[in-house]
Amino acid sequence: MGQVVATTERVVRAPADVVRAALADYTTTRPAVLPEQYSEYRVDAGGQGAGTKVHWRLQATSKRVREQDVVVTETPDGALVETDTNSTMVTTWTVSAADAGVSTVRARTTWTGATGIGGFFERTFAPKGLSRIQDAMLTRLEQAVTAG
């Protein structure tokens, strides 16, 4: 079994503190910016940053659906870490100032992949698919933080 890694990075035209606050808002902003691949979203505890527990269904492909129960923690530098208690999947969201009023947002997701030929295809194609989903979310996040 090998580790599978999907990374998505995007420049967002909003200050880092605004973007990070929006990402950490699992009650209002997150459900509003999730793309169509997410369903059955609910906050089970908390709602703001560390300590939040959230559930969603992620349909990465027509055949691949994950029920995810996620626990949110934070690193000392303020990154949000989403750990799925149903699998080995962990997503780390990092927001850093790129320029005046501009941020770089990076999502890095890792999980333990399958073995054999299935694992080869998973390591080859799953990161690209997940990156597309995360990029769609970051597009919507940018729209949310720059609206108004």
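The values are calculated or read from the model by the stated rules, or taken from the named source; none is laboratory data. None of the values given here were measured: they were computed from a predicted structure. Here Cβ is always computed from backbone atoms with ideal geometry, including for glycine, and neighbour counts include all displayed protein chains. Accessible surface areas use protein heavy atoms only, side chains included; no ligands, DNA or RNA. Shrake-Rupley method; radii C 1.70, N 1.55, O 1.52, S 1.80 Å.
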- How long, wide and thick is the chain, going by the Cα atoms along their three principal axes, in whole angstroms, largest first? 48, 32, 30
- Cα centroids of the stretch 17-37 and the stretch 60-106: how far apart, whole angstrom? 11
- Checking Ser62, Ser87, Ser96 against a Gaussian network model of the chain (alpha-carbon springs below 10 Å), the top fluctuating residue turns out to be Ser62
- Query: What does the accessible area per residue of the chain come to in Å², with a 1.4 Å probe and no ligands, DNA or RNA counted?
  - Reply: 51
- Message: Test of understanding: what is the full-extension gain from Val90 to Ala32, defined as 0.36 nm times their sequence separation minus their Cα-Cα distance?
- Response: 18.7 nm
- Query: Just the accessible area for Glu142, please: 1.4 Å probe, Å², rounded to the nearest 10?
  - Reply: 20
- Task: Determine the share of the chain's accessible area contributed by carbon and sulfur atoms, expressed in whole percent, with a 1.4 angstrom probe.
- Result: 52
- Task: Set the Förster distance to 25 Å, then compute FRET efficiency between Arg57 and Ala100 from the Cβ-Cβ distance, nearest 0.05.
- Result: 0.05
- Note on the structure: Computed over the chain: longest principal axis from alpha-carbon atoms vs helix 116-146 long axis, angle to nearest 10 degrees, is 20
- Item | Paramagnetic reach from Val11 in the stretch 67-108 [backbone N under 16 Å; point 7 Å along Cα→Cβ] | 96-106
- Percent relative contact order for the chain, counting Cα pairs under 8 Å at least six residues apart, stands at 34
